[in-house]
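Novice: Here you go, one structure.
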Amino acid sequence: MHFADMSKAVTVRHVPDETVDELSRRATRRGQSLQEYLLSHLTELAERPDVGDVLARARARKKAAESRLPPDSILRHRERDRR
């Protein structure tokens, strides 16, 4: 069996009726079942980088660059470049 063909069932408990009703309406408007709709959104969510990971990478790059420019200097240069 190829790994990409594997899938798992996920159960979410205690979802309010109003939430399920709204998600069902959205799925219907897109011509999808609730299952298809939720799967597409979960897949999109998993493909987006986690905010904490993005910030950690940015901090690591900043530290590696050892930039010592104060923020006001950066903003002045940006404004000058825009002119």
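The values are calculated or read from the model by the stated rules, or taken from the named source; none is laboratory data. On a predicted model such as this, the values are computed, not experimentally measured, just so you know. Cβ: placed from backbone, ideal geometry, glycine included. Neighbour counts: every protein chain shown. Surface accessibility is based on the protein's heavy atoms, side chains included, excluding ligands, DNA and RNA. Shrake-Rupley method; radii C 1.70, N 1.55, O 1.52, S 1.80 Å.
Novice: What number goes with the only condition from (1) open to solvent by 70 Å² or more (accessible area, probe 1.4 Å); (2) out of contact with any helix residue (DSSP H, G or I) (no Cβ under 8 Å at 6 or more places or on another chain) that Arg30 does not pass?
Specialist: Against the list (1) open to solvent by 70 Å² or more (accessible area, probe 1.4 Å); (2) out of contact with any helix residue (DSSP H, G or I) (no Cβ under 8 Å at 6 or more places or on another chain), Arg30 comes up short only on (2).
Novice: Between a residue in region 15-30 that is on the phi < 0 side of the Ramachandran plot and any residue that is in a helix (DSSP H, G or I) and aliphatic (A, V, I, L, M), which pairs come within a Cβ distance under 8 Å, given they are 6 or more apart or on different chains?
Specialist: Note: pairs meeting the criteria are Val20/Leu34; Leu23/Leu34; Leu23/Leu38; Ser24/Leu34; Ala27/Leu34; Ala27/Leu38.
Novice: Right, next: Just a yes or no: is a residue in region 60-81 assigned to a loop (DSSP other than H, G, I, E, B), on the phi > 0 side of the Ramachandran plot and open to solvent by less than 80 Å² (accessible area, probe 1.4 Å)?
Specialist: No, region 60-81 has no match at all.
Novice: A follow-up question, please. Name the pairs: first residue in region 41-58 and within 29 Å of Ser24 (Cβ to Cβ), second residue open to solvent by 90 Å² or more (accessible area, probe 1.4 Å), Cβ to Cβ under 8 Å, at least 6 apart or on different chains?
Specialist: From region 41-58, the pairs are Leu42/Val10.
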